[in-house]
Amino acid sequence: MTSTPTTAIAGGSLRPAVVVGGNRIPFARAHGAYAGASNQDMLTSTLEGLVARFGLQNAQLGEVVAGAVMKHSADFNLSREAVLGTSLDAHTPAHDVQTACATGIETVGGVANKIRLGQIDSGIGGGVDTISDAPLAFNREARDLFMQLNRARTTQDKIKIAMKLRPKHFAPLAPQAGEVRTGLSMGEHQALTTHHWGITRQEQDELAMLSHNNMAAAYEAGFFNDLLTPFRGLDRDNNMRPGSTMEGLAKLRIAFGKHLGEEATMTAGNSTPMTDGAAAALLSSEEWARERNLPILAEFMDFEMAAVDFVNGNEGLLMAPTYAIPRILDRHGLSLADIDFFEIHEAFAGTVLATMKALADEDYNKNVLGRDTPLGHIDRSKLNVHGSSLAAGHPFAATGPRIVASLAKMLHEKGEGSLGLISVCAAGGQGAVALMRGR
C-alpha cells in the first residue's frame, strides 16, 4: 500500500485532503416529489443541510464547487447563487463544473487538489440535477423571432414581429438524452455493449435486485441517518424497491436494444431511471478539521479521467473507466485485490458487469488497454455493498458526491488504511475514477 505522494508541487509539499462528511437530499424519480423544485432549490437545501450537520453557519470556506448537467441559462452562476442562499459566509467563493455524469467526481477532485496544494483549507464538492425542471428549447426559427422581439425598440416593431409568431413556434423541443454524434440514447449504446460482452438478463437482474435490497438494508440499519436531509416530504430515495425479487424483475419488458430481438436483455428494472436530486461532500485539510473538532472519515487520494472513441473507434460509450482504473491503480502501486470497497456507478447493470468483465479479459487488456496481463477480477462481495444508482437513482451530477460521502463513511467504519475505488461512467464516452483511504 502506498502513502500520499509528498513531491513538491507549486512551491510546496502536497498535504492530504480529507473527507469530513457529506449530505444529500433523498433522490426522487423524475416528475414526482420534486417536480416543483429547481436545481437551485435542491442544491441550496443540500448545502444548508451540510452546513447544519457540521456547524458551519457563518463560516467562510475556501470554495464551493458544484454543477448540473441539465441547467437553465439563468443558472449560469448556480453554485454561487446556492451558496448565497445558505448560512455560509457570503465571502465563500463558488463556481460551476460540468462533465456530464462525472461532474460530481470532478467537483470533489478539484476541491481536493486545491487543498492538497495548500491553495485552500476547506471546500465543498457537489452536484445537482433535475429532469422535472429540465430547460426547454425552441426550434431555430422560433428562437430567431424571440430574439428579434427582444431587440425591437418600438411598440410598432414588436407588434410586427409578434404577428409572425405561429403556434408551431411555441412547441418546445423535448430534452434529448441521446449522444449528439450517434443519435443513440445512452441505453441503446449500453445495449450494444451489454450484448458485445455476452451479459445475460439474469446477471443484470441479479445485480439490480442486490442494489435495491442492499440499500434497503442499509437504510434499516441507519447507515444513511447522517448522510441525508429530508426534502419536500421525502426522507429516503423513492426509487428504491425493498424486497425486489428475480421473479419480479423477470416480468419487466425490454426497454433498450429491441433491435437485438430475443437477445435483448435490458429493462427498466436493470437500468437506472431519470431522477432529481442533489448531493455534496465537505473536504478539508487535516488541520482545519481538527481545529474545529470535526470528524476525519477518509482521505481523497486521487482521481483520474479517461475517454473512449465511441464514435469512430467502435468502443462502448460507457467503458472509459476501464482505461482510468488501471492507470490510477498503477500510479499508486495497487491492485484490485488491495481494494476493500468498489463503488461502480450503476448507470445500467450492464455497465457494471461489462466493466468488470473487460478488466478481467485477457484480449481486452492486451489489445485495448495495452497491458501484458489482465488487471483481474473484482470481488463481488466488495461491490456496491450498500446499493448504488439502480436503487438510489441517478441525478447526473449528484451521483459522484453521493458516492464519495457514503464511501468515506464505509472506509472509516472499516478502519484506518482501508481503500475504496469509485468508478463513474459519463456521456460523451468519458469516465472518472477516484481512490479514497479510510481514516
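The values are calculated or read from the model by the stated rules, or taken from the named source; none is laboratory data. For clarity, every value in this text was computed on a predicted model and none was experimentally measured. Cβ sites come from the backbone with ideal geometry, for glycine too, and all protein chains shown count toward neighbours. Remember, those area values only see protein heavy atoms, side chains included, never the ligands or the DNA or RNA. Shrake-Rupley method; radii C 1.70, N 1.55, O 1.52, S 1.80 Å.
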Measure of compaction for region 382-430 (Cα Rg per 2.2 N^0.38 Å) | 1.23
What percent do you get for the relative contact order of the chain when only Cα pairs under 8 Å and 6+ apart count?
-> 26 percent
Check: C-alpha center region 57-88 vs C-alpha center region 174-211, spacing in Å is 33 Å
Solvent accessible area, Å² - V180, 1.4 Å probe, full protein context = 140 Å²
Please work out how much accessible surface K366 shows to a 1.4 Å probe, ignoring ligands, DNA and RNA, in Å² rounded to 10.
-> 140 Å²
Note to self: C-alpha centroids of region 385-411 and region 291-363 sit apart, in Å, by 14 Å
What the Cα atoms of region 286-379 span along the principal axes, largest first and in whole Å, is 52, 26, 21
Restricted to the chain, the DSSP antiparallel beta bridge percent, nearest 5, is 75 percent
Determine, for the chain, the count of lysine pairs separated by eight or more sequence positions (or lying on different chains) whose alpha-carbon distance falls under 21 Å.
-> 6
Computed over the chain, Kirkwood Rh from alpha-carbon pairs, angstrom = 22.5 Å
Any idea of R327's accessible area? Nearest 10 Å², probe 1.4 Å.
-> 100 Å²
Calculate, for R371 and A137, the FRET efficiency according to 1/(1 + (r/R0)^6) with r their C-beta to C-beta distance and R0 35 Å; round to the nearest 0.05.
-> 0.20
Send over the semi-axes of region 52-139's equivalent ellipsoid, whole angstrom and largest first, taken as the square roots of 5 times the C-alpha gyration tensor eigenvalues.
-> 25, 16, 10
Taking every pair of Cα atoms in region 121-170, average 1/r, invert it to obtain the Kirkwood radius, and report Rg/Rh to two decimals.
-> 1.32
Compute the Cα gyration tensor for region 227-316, then decide on rounded, prolate or oblate, letting a ≥ b ≥ c be the square roots of its eigenvalues: rounded whenever a/c is under 1.5, prolate when a/b is larger than b/c in the other cases, and oblate in all that remain.
-> oblate
Accessible solvent surface per residue of the chain, calculated while the other protein chains remain in place, 1.4 angstrom probe, Å² = 42 Å²
Sorted list, accessible surface of protein heavy atoms, 1.4 Å probe, largest first, for K258, K114, K382 is K258, K114, K382
In a Gaussian network model over the chain where Cα atoms closer than 10 Å are linked, find which of G393, G123, G417 has the largest mean-square fluctuation.
-> G417
Report the residue, chosen from R380, R241, R80, that carries the largest GNM mean-square fluctuation when the chain is represented by alpha-carbon nodes joined by springs under 10 Å.
-> R380
Most mobile listed residue (T373, T351, T130) in the chain, GNM with C-alpha springs under 10 Å | T373
